[in-house]
Amino acid sequence: MIETERLLLRPWRREDRPPFATMNANPRVRRFYPSLLSREESDASIERYEEMFARDGCCLFATELRETSDFIGYIGLQRMSFALASVTSPTFEIGWRLTPEIWGQGLATEGARAVLRFAFEEQHLSEVVAITVPANLPSRRVMEKLGMTHNPEDMFDHPKIPAGHPLQRHILYRISRRD
(Lines give C-alpha, C1' and ligand atoms only; values in the text may rest on other atoms or scores of the structure.)
Protein backbone atom coordinates (compact mmCIF):
# COMPACT_ATOMS: atom_id res chain seq x y z
CA MET A 1 0.00 0.00 0.00
CA ILE A 2 1.03 3.57 -0.67
CA GLU A 3 -0.32 6.31 1.58
CA THR A 4 -0.35 10.06 1.11
CA GLU A 5 -1.94 12.77 3.20
CA ARG A 6 -5.33 12.25 1.52
CA LEU A 7 -5.08 8.97 -0.37
CA LEU A 8 -4.61 5.25 0.05
CA LEU A 9 -3.35 3.32 -2.99
CA ARG A 10 -4.02 -0.35 -2.36
CA PRO A 11 -4.74 -3.75 -3.90
CA TRP A 12 -8.07 -4.17 -5.67
CA ARG A 13 -11.12 -5.52 -3.83
CA ARG A 14 -14.27 -7.15 -5.16
CA GLU A 15 -16.34 -4.15 -4.05
CA ASP A 16 -14.26 -1.86 -6.32
CA ARG A 17 -15.72 -3.46 -9.43
CA PRO A 18 -19.11 -1.67 -9.57
CA PRO A 19 -17.80 1.88 -9.06
CA PHE A 20 -14.88 1.23 -11.44
CA ALA A 21 -17.32 -0.03 -14.09
CA THR A 22 -19.42 3.12 -13.61
CA MET A 23 -16.30 5.26 -14.17
CA ASN A 24 -15.36 3.31 -17.29
CA ALA A 25 -18.84 3.80 -18.75
CA ASN A 26 -18.67 7.57 -18.21
CA PRO A 27 -17.98 9.55 -21.41
CA ARG A 28 -16.26 12.32 -19.40
CA VAL A 29 -13.80 9.85 -17.85
CA ARG A 30 -13.16 8.08 -21.16
CA ARG A 31 -13.06 11.14 -23.43
CA PHE A 32 -9.38 10.54 -24.28
CA TYR A 33 -9.82 6.79 -24.83
CA PRO A 34 -11.15 5.15 -27.99
CA SER A 35 -14.28 3.75 -26.32
CA LEU A 36 -16.31 3.24 -23.18
CA LEU A 37 -15.90 -0.07 -21.36
CA SER A 38 -18.61 -2.60 -20.61
CA ARG A 39 -18.85 -4.10 -17.13
CA GLU A 40 -17.08 -7.22 -18.38
CA GLU A 41 -14.24 -5.19 -19.94
CA SER A 42 -13.88 -3.12 -16.78
CA ASP A 43 -13.71 -6.25 -14.61
CA ALA A 44 -11.14 -7.75 -17.00
CA SER A 45 -9.02 -4.60 -16.50
CA ILE A 46 -8.99 -5.20 -12.75
CA GLU A 47 -7.96 -8.80 -13.34
CA ARG A 48 -5.03 -7.58 -15.48
CA TYR A 49 -4.00 -5.12 -12.72
CA GLU A 50 -4.03 -7.97 -10.19
CA GLU A 51 -1.86 -10.07 -12.52
CA MET A 52 0.52 -7.11 -12.94
CA PHE A 53 0.88 -6.80 -9.19
CA ALA A 54 1.63 -10.52 -8.83
CA ARG A 55 4.23 -10.35 -11.63
CA ASP A 56 5.83 -6.92 -11.11
CA GLY A 57 5.08 -5.90 -7.53
CA CYS A 58 3.22 -2.85 -8.84
CA CYS A 59 0.09 -2.06 -10.80
CA LEU A 60 -2.52 0.59 -11.32
CA PHE A 61 -3.58 0.56 -7.66
CA ALA A 62 -7.16 1.00 -6.50
CA THR A 63 -7.26 4.45 -4.92
CA GLU A 64 -9.48 5.68 -2.12
CA LEU A 65 -9.85 8.80 -0.05
CA ARG A 66 -8.34 8.17 3.38
CA GLU A 67 -10.90 10.33 5.15
CA THR A 68 -13.97 8.49 3.82
CA SER A 69 -12.59 5.23 2.33
CA ASP A 70 -14.49 6.10 -0.88
CA PHE A 71 -13.11 4.45 -4.03
CA ILE A 72 -12.10 7.18 -6.51
CA GLY A 73 -10.25 5.30 -9.28
CA TYR A 74 -6.67 4.25 -9.78
CA ILE A 75 -3.15 5.65 -9.63
CA GLY A 76 -0.09 3.51 -10.20
CA LEU A 77 2.47 1.90 -12.48
CA GLN A 78 2.18 -0.64 -15.23
CA ARG A 79 4.67 -2.33 -17.51
CA MET A 80 3.98 -1.03 -21.02
CA SER A 81 2.58 -3.76 -23.23
CA PHE A 82 4.34 -2.46 -26.34
CA ALA A 83 7.85 -1.20 -27.07
CA LEU A 84 8.89 2.26 -28.18
CA ALA A 85 12.24 2.86 -29.82
CA SER A 86 12.85 5.97 -27.71
CA VAL A 87 12.70 4.22 -24.31
CA THR A 88 14.49 1.26 -22.79
CA SER A 89 12.60 -1.94 -22.26
CA PRO A 90 10.96 -2.98 -20.03
CA THR A 91 9.28 0.38 -19.70
CA PHE A 92 7.05 1.29 -16.78
CA GLU A 93 4.30 3.83 -17.25
CA ILE A 94 2.66 5.89 -14.53
CA GLY A 95 -1.06 6.46 -14.91
CA TRP A 96 -4.21 7.66 -13.20
CA ARG A 97 -7.94 7.59 -13.83
CA LEU A 98 -10.14 9.26 -11.24
CA THR A 99 -13.84 9.89 -10.86
CA PRO A 100 -14.93 13.34 -12.08
CA GLU A 101 -16.36 14.29 -8.68
CA ILE A 102 -12.83 14.78 -7.31
CA TRP A 103 -11.13 16.34 -10.36
CA GLY A 104 -9.33 19.62 -9.75
CA GLN A 105 -8.31 18.88 -6.16
CA GLY A 106 -4.70 17.89 -6.87
CA LEU A 107 -5.29 14.25 -5.95
CA ALA A 108 -3.82 12.81 -9.17
CA THR A 109 -0.64 14.81 -8.61
CA GLU A 110 -0.47 13.86 -4.93
CA GLY A 111 -0.90 10.17 -5.64
CA ALA A 112 1.42 10.18 -8.65
CA ARG A 113 4.22 11.81 -6.62
CA ALA A 114 3.96 8.97 -4.13
CA VAL A 115 3.97 6.43 -6.97
CA LEU A 116 7.15 7.98 -8.40
CA ARG A 117 8.84 7.67 -4.99
CA PHE A 118 7.71 4.04 -4.90
CA ALA A 119 8.99 3.47 -8.46
CA PHE A 120 12.45 4.86 -7.76
CA GLU A 121 12.97 3.86 -4.12
CA GLU A 122 11.13 0.52 -3.86
CA GLN A 123 11.04 -0.77 -7.43
CA HIS A 124 14.50 0.68 -8.25
CA LEU A 125 13.39 1.82 -11.69
CA SER A 126 15.72 4.15 -13.55
CA GLU A 127 12.97 5.84 -15.60
CA VAL A 128 9.18 6.16 -15.64
CA VAL A 129 7.14 7.35 -18.61
CA ALA A 130 3.61 8.62 -19.10
CA ILE A 131 1.63 8.75 -22.33
CA THR A 132 -1.51 10.49 -23.44
CA VAL A 133 -3.07 12.17 -26.43
CA PRO A 134 -1.83 15.73 -27.00
CA ALA A 135 -5.33 17.16 -26.30
CA ASN A 136 -5.42 15.70 -22.76
CA LEU A 137 -4.26 18.91 -21.10
CA PRO A 138 -5.34 17.95 -17.56
CA SER A 139 -3.12 14.85 -17.57
CA ARG A 140 -0.29 16.72 -19.27
CA ARG A 141 -0.43 19.33 -16.48
CA VAL A 142 -0.10 16.56 -13.89
CA MET A 143 2.88 15.14 -15.78
CA GLU A 144 4.53 18.55 -15.82
CA LYS A 145 3.83 19.15 -12.10
CA LEU A 146 5.61 15.84 -11.46
CA GLY A 147 8.69 17.20 -13.24
CA MET A 148 8.19 14.98 -16.28
CA THR A 149 9.36 16.36 -19.61
CA HIS A 150 8.63 15.56 -23.23
CA ASN A 151 10.56 15.80 -26.44
CA PRO A 152 8.47 16.48 -29.57
CA GLU A 153 10.47 13.74 -31.30
CA ASP A 154 8.89 11.23 -28.89
CA MET A 155 5.42 11.63 -30.43
CA PHE A 156 4.13 8.29 -31.69
CA ASP A 157 1.10 6.50 -33.06
CA HIS A 158 -0.27 4.20 -30.38
CA PRO A 159 -0.02 0.66 -31.77
CA LYS A 160 -3.25 -0.47 -30.05
CA ILE A 161 -5.40 2.26 -31.59
CA PRO A 162 -6.58 1.81 -35.19
CA ALA A 163 -4.83 3.78 -37.91
CA GLY A 164 -6.62 7.01 -38.64
CA HIS A 165 -8.44 7.13 -35.29
CA PRO A 166 -8.42 10.70 -33.89
CA LEU A 167 -6.80 9.44 -30.65
CA GLN A 168 -4.04 7.42 -32.32
CA ARG A 169 -1.32 10.09 -31.95
CA HIS A 170 0.27 10.13 -28.48
CA ILE A 171 2.82 12.18 -26.62
CA LEU A 172 5.37 10.63 -24.26
CA TYR A 173 6.60 12.25 -21.05
CA ARG A 174 9.45 10.86 -18.96
CA ILE A 175 11.30 11.31 -15.70
CA SER A 176 14.43 9.56 -14.48
CA ARG A 177 15.53 8.68 -10.98
CA ARG A 178 18.25 11.34 -11.12
CA ASP A 179 15.64 14.01 -11.96
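The values are calculated or read from the model by the stated rules, or taken from the named source; none is laboratory data. Here the structure is a predicted model, which is why all the values come from computation and not from measurement. Ideal geometry is used to build each Cβ from the backbone, glycine not excepted, and the neighbour counts take in all protein chains shown. For the accessible areas, the whole protein counts, side chains as well, though only heavy atoms, and no ligand, DNA or RNA atoms are used. Shrake-Rupley method; radii C 1.70, N 1.55, O 1.52, S 1.80 Å.
Taking segment 116-137 as the search range and keeping residues that are part of a loop (DSSP other than H, G, I, E, B) and open to solvent by 30 Å² or more (accessible area, probe 1.4 Å), which one is farthest from residue 92 (Cα to Cα)? Outline the logic, then answer.
We begin by selecting, within segment 116-137, every residue part of a loop (DSSP other than H, G, I, E, B); these are 123-126, 133-136.
Keeping just the survivors that are open to solvent by 30 Å² or more (accessible area, probe 1.4 Å) gives 123-124, 126, 134-135.
Values: 123: 10, 124: 11, 126: 10, 134: 20, 135: 22 Å.
By that ranking, first place goes to 135.
For residues in segment 1-21 being without any contact (Cβ under 8 Å) to a residue 60 or more places away in the chain and in a helix (DSSP H, G or I), which is farthest from residue 107 (Cα to Cα)?
14
Pairs, please: C-beta under 6 Å, at least 6 apart or cross-chain, first residue more than 11 Å from residue 75 (Cα to Cα) and in segment 97-118, second in a loop (DSSP other than H, G, I, E, B) and at pLDDT 95 or above?
Sorted first by the residue in segment 97-118, then by its partner, the pairs are 100/28.
Look through segment 60-98, keep the residues that are within 13 Å of the chain's Cα centre (by Cα) and of a type in the set (Ser, Thr, Tyr), and return whichever of them is nearest to residue 2 (Cα to Cα).
Applying the filter and picking the extreme gives 63.
Determine the pairs where a residue that is more than 10 Å from residue 172 (Cα to Cα) and of a type in the set (Phe, Trp, Tyr), located within segment 129-145, has a partner that is open to solvent by 20 Å² or more (accessible area, probe 1.4 Å) and assigned to a helix (DSSP H, G or I) with Cβ atoms under 7 Å apart, the partner being 6 or more residues away or on another chain.
none
Looking at segment 29-75 only, could you name the residues that are part of a helix (DSSP H, G or I) and among the polar types (S, T, N, Q)? Working first, answer last.
Residues of segment 29-75 that are part of a helix (DSSP H, G or I), as a first pass: 39-56.
Correct list: 42, 45.
Pull up segment 64-99, narrow it to residues that are closer than 21 Å to residue 19 by Cα and among the charged types (D, E, K, R), then point me to the one that is surrounded by the fewest Cβ atoms within 10 Å (Cβ to Cβ).
Checked segment 64-99; the qualifying residue surrounded by the fewest Cβ atoms within 10 Å (Cβ to Cβ) is 67.
Just one of the numbered conditions (1) on the phi < 0 side of the Ramachandran plot; (2) open to solvent by 20 Å² or more (accessible area, probe 1.4 Å) is not true of residue 61; which one?
Among (1) on the phi < 0 side of the Ramachandran plot; (2) open to solvent by 20 Å² or more (accessible area, probe 1.4 Å), residue 61 violates only (2).
Give segment 146-176 a look and list any residue that's touching a strand residue (DSSP E or B) at 6+ places or on another chain (Cβ under 7 Å) and either without any contact (Cβ under 8 Å) to a residue 24 or more places away in the chain or open to solvent by 90 Å² or more (accessible area, probe 1.4 Å) (or both), or say none.
Keep residues of segment 146-176 that are touching a strand residue (DSSP E or B) at 6+ places or on another chain (Cβ under 7 Å), which gives 146-150, 154-158, 168-176.
Hits for segment 146-176 are 155, 157, 168, 169.
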